[in-house]
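Everything on this sheet refers to the single structure shown next.
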Amino acid sequence: MRNVVQIIDTGVANVRSIQVALRRLSFESNISRDSNLIANAKHVILPGVGSFGTGMAGLHESGLAETIQQRVECGRPLFAVCLGMQLLCLESEESPDVLGLGLLPAKVQRFDTSVQVPQLGWNEVAAEPESDFSKEFPPGVAYFANSFRIADCPPDWDCAYTDYGGRFVSAVRRGNCLACQFHPELSGEWGQAWIGKWLVSTC
Amino acid sequence: MGASLDWKMAGVDMLKKRIIPCLDVRDGRVVKGVQFMGLRDAGDPVELSTRYADEGADELVMLDVSATIEGRVALLETIERIRNAIAIPLTVGGGVRNIEDARNLLNHGADKISVNSAAVDRPELIVEMSQTFGSQCTVVALDVKRLEQTSGWQIMTRSGTRSESLDAIAWGQQCQGLGAGEILLTSFDRDGTGNGYDCELIQAFTAAVSIPTIASGGARSTKDLVAAFSCGAHAVLAASIFHDQEISIQELKRQLAVEGIDVRL
């Protein structure tokens with residue numbers, strides 16, 4: 001199963017589109033909650049639809065919370081999508097009594113009350129111009145479906161930003177760990193390239 | 001209505017205006033009629049989906065137009081084949097009556113589920129869907145007919161074969177309160193006619209309902225789409241103009257951008 005991308009089974013996430021995107025990039029994938037498979041896979045994707053509390057409960061139940069923490073701490077490839085990105089954080093306003101994976105030193109907050117939630121549709125994503133992150137992942141337009149987000153770039157992470165009632169962090173990267181608040185698998189060719197570059201750069 | 005929109009929450013207006021081709025599917029073929037009747041063949045769903053995605057469509061909607069009437073769920077195989085062909089969101093509707101129907105469609109490659117008749121019969125379905133899959137996945141489709149005697153619009157169900165004694169705007173507000181993430185607002189009167197979107201309907205509806213509204217029914221030209229957006233639509237659905245290749249989505253978006261509409265190019 002060395003070259004098979006393991007997609008973490010969070011129970012409620014719809015991962016068909018991610019699987020199709022991987023297949024287009026000539027990567028096989030498997031949906032799993034087996035911690036051995038997740039620990040040993042070359043590439044792991046943490047998808048996520050649903051609430052922060054339900055998502056974390058699922059990861060604790062399957063024993064995967066520690067597996068993911070160990071992977072990221074060892075610098076092994078992980079791509080977190082949408083709620084998956086939020087689960088990497090310390091905590092979330094969505095489920096105040098639940099601790100996140102704590103890998104991303106940030107707190108997840110609801111969008112400003114002046115904007116309609118969920119943010120549902122296409123919005124612009126751009127990293128700092130001229131940054132290495134921006135050169136690798138050029139600006140584009142991404143499909144979002146979220147009510148919560150990180151407001152500020154965590155120290156020591158590369159960040160890309162989007163404006164929705166104020167600037168928020170729509171993607172982060174550090175080493176082999178990449179996370180997007182948007183859905184790269186639904187963001188056309190530009191989004192597909194995010195998955196493709198992560199797969200190649202971390203091989 | 002003509003009321004000021006100032007009180008409305010911003011945000012959705014900051015997003016790109018979406019162009020959404022709609023595939024009405026029956027027996028595995030795309031069909032298109034006028035006011036839901038006289039369906040003619042319009043092509044293969046996968047071929048059309050691929051073309052639309054390549055041309056820059058922002059999403060696709062696939063409605064199994066005979067599903068509710070025939071009492072079955074939408075064609076799973078068609079959904080899978082469309083999913084494999086596109087990397088943009090896919091909304092599927094037709095015959096969804098419960099969570100299991102919705103889950104089945106999601107598992108076969110839908111990203112969002114549209115409900116219509118079943119939500120009118122049992123509004124709790126919207127609550128169940130939004131709690132299970134999230135508001136972002138829960139689309140409520142409203143087929144709407146202009147009242148003849150008085151002002152206003154009423155809801156139609158069962159592919160436009162049944163009139164409900166339900167006010168369209170009140171029902172839209174109720175859908176929002178129950179957890180719908182998006183409304184697909186189809187003017188039965190304009191469907192397939194090419195007479196332009198019902199701007200009055202879009203205006204009245206979006207002044208009363210703040211979740212994203214996809215306007216549908218009546219598009220023939222770029223100017224119709226410009227009008228729908230200026231009347232408050234967040235996205236527009238169109239079928240005939242794309243099926244008949246009257247204009248490519250690429251060219252349409254280019255023209256919209258010239259008109260000052262913020263689209264994804």
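Each reported figure results from applying straightforward, stated rules to the coordinates on display, with no laboratory input. Bear in mind the structure is a predicted one, so any value in this text is a computation, not a measurement. Ideal geometry is used to build each Cβ from the backbone, glycine not excepted, and the neighbour counts take in all protein chains shown.
Here the alpha carbons of region B:19-258 define both size measures, Rg and Dmax, at 16.2, 48 Å. For B:Lys32, which aspartates and glutamates qualify as cross-link partners when the Cα separation must be under 13 Å and same-chain residues fewer than eight apart are set aside? Cross-link targets: B:Asp24, B:Asp41, B:Asp44, B:Asp64, B:Asp191, B:Asp244.
Count the net charge of all other residues whose Cβ sits under 13 Å from the Cβ of A:Pro47, scoring Lys and Arg as +1 and Asp and Glu as -1. Result for the neighbourhood of A:Pro47: -1. Backbone N atoms of region B:16-30 closer than 18 Å to the 7 Å Cα→Cβ label point of B:Ala257 belong to residues B:16-20. Within the listed set A:Asp152, A:Asp34, A:Asp97, the Gaussian network model of chain A (springs between alpha-carbon atoms below 10 Å) gives the highest mean-square fluctuation for A:Asp97.
Anyone know which of A:Cys153, A:Cys74, A:Cys82 comes out most mobile in the 10 Å Cα GNM of chain A? Largest GNM mean-square fluctuation: A:Cys74. Per the Kirkwood formula applied to alpha carbons, region B:147-265 shows a radius of gyration over Rh ratio, Rg over Rh, of 0.98. Remark: the Cα gyration tensor places region A:5-201 in the rounded category, a/c being less than 1.5.
Per-residue mean of other chain beta-carbon atoms within 10 angstrom of the beta-carbon, peptide A:139-145?
Details: counts 0, 1, 6, 1, 10, 2, 9.
Counting Cβ atoms of other protein chains within 10 Å of each residue's Cβ and averaging gives 4.
Take the alpha-carbon centre of region B:114-167, take the same for region A:124-203, and report the distance between them in whole Å. Using only Cα atoms, the two centres lie 36 Å from each other.
Would you mind counting up the charge near B:Glu246? Only other residues with Cβ under 12 Å from its Cβ, with Lys and Arg at +1 and Asp and Glu at -1.
Details: positive: B:Arg220; negative: B:Asp224, B:Asp244, B:Glu251.
With Lys, Arg at +1 and Asp, Glu at -1, the neighbours total -2.
Relative contact order for region B:107-259: 17 percent, from Cα pairs under 8 Å spaced at least 6 residues apart, divided by residue count. What is the sum of charges, Lys and Arg at +1 and Asp and Glu at -1, for the other residues whose Cβ falls under 15 Å from the Cβ of A:Ser62? Result for the local shell: -2.
Relative contact order for chain B: what is it in percent, counting Cα pairs under 8 Å that are at least 6 residues apart? Kindly include the intermediate steps, with their values, before the conclusion.
Numbers: 570 pairs, mean separation 50.5, N = 265.
That works out to 19 percent.
Counting only DSSP beta bridges with both residues in chain B, the antiparallel share comes to about 30 percent.
If you restrict to DSSP beta bridges whose two residues both lie in chain A, what percentage is antiparallel, to the nearest 5? Within chain A, antiparallel bridges account for around 60 percent of the total.
Counting Cβ atoms of other protein chains within 10 Å of each residue's Cβ and taking the mean over peptide A:15-26 gives 3.
Calculated FRET efficiency, B:Asn84 and A:Ser35, Cβ-Cβ r, R0 25 Å, to nearest 0.05?
Numbers: r = 30 Å, r/R0 = 1.21.
Plugging the Cβ-Cβ distance into 1/(1 + (r/R0)^6) gives 0.25.
Distance between the modelled labels on A:Val4 and A:Arg167, one decimal in nanometres: 4.3 nm (7 Å Cα→Cβ projection).
For chain A, a Gaussian network of Cα nodes joined below 10 Å ranks A:Leu88, A:Leu46, A:Leu103 by mean-square fluctuation, and the top entry is A:Leu103.
Looking at region A:3-112, what % of the alpha carbon pairs are farther apart than 23 Å? Before the final figure, lay out each step's value.
Values: 1374 of 5995 pairs.
For region A:3-112, the share of Cα pairs beyond 23 Å comes to 23 percent.
Which entries of B:Lys17/B:Lys145; B:Lys112/B:Lys253; A:Lys107/B:Lys17; B:Lys16/B:Lys112; A:Lys42/B:Lys112; A:Lys197/B:Lys223 show an alpha-carbon separation above 28 angstrom in the structure shown? Before the final figure, lay out each step's value.
Numbers: B:Lys17/B:Lys145 25 Å; B:Lys112/B:Lys253 24 Å; A:Lys107/B:Lys17 30 Å; B:Lys16/B:Lys112 19 Å; A:Lys42/B:Lys112 31 Å; A:Lys197/B:Lys223 40 Å.
The pairs that break the limit, which is 28 Å between Cα atoms, are A:Lys107/B:Lys17; A:Lys42/B:Lys112; A:Lys197/B:Lys223.
Please work out the C-alpha center-to-center distance from region B:33-59 to region B:212-265 and express it in whole Å. First find each Cα centre; the distance between them is then 15 Å. Normalising the Debye intensity of the protein assembly as shown to I(0), with uniform scatterers on Cα atoms only, and taking log10 at q = 0.07, 0.10, 0.14 Å⁻¹ returns -0.34, -0.70, -1.36.
Using every pair of separate Cα atoms, the Kirkwood estimate puts the hydrodynamic radius of region A:67-123 at 12.7 angstrom.
Of all DSSP beta bridges confined to the protein assembly as shown, the antiparallel ones make up roughly 45%. Taking amide H positions as modeled 1.01 Å from N, with prolines and chain starts lacking one, the residues under 5 Å from B:Arg158 and 5 or more places away or on another chain are B:Ser117.
Let me have the 222 nm mean residue ellipticity of the protein assembly as shown computed from DSSP H runs of 4+ only, each contributing -39500 (n - 2.57), with the sum over all residues rounded to the nearest 500.
Helix-only estimate at 222 nm: -9000 deg cm²/dmol.
Within region A:90-200, the ratio Rg/Rh, alpha carbon atoms throughout and Rh by Kirkwood, equals 0.95.
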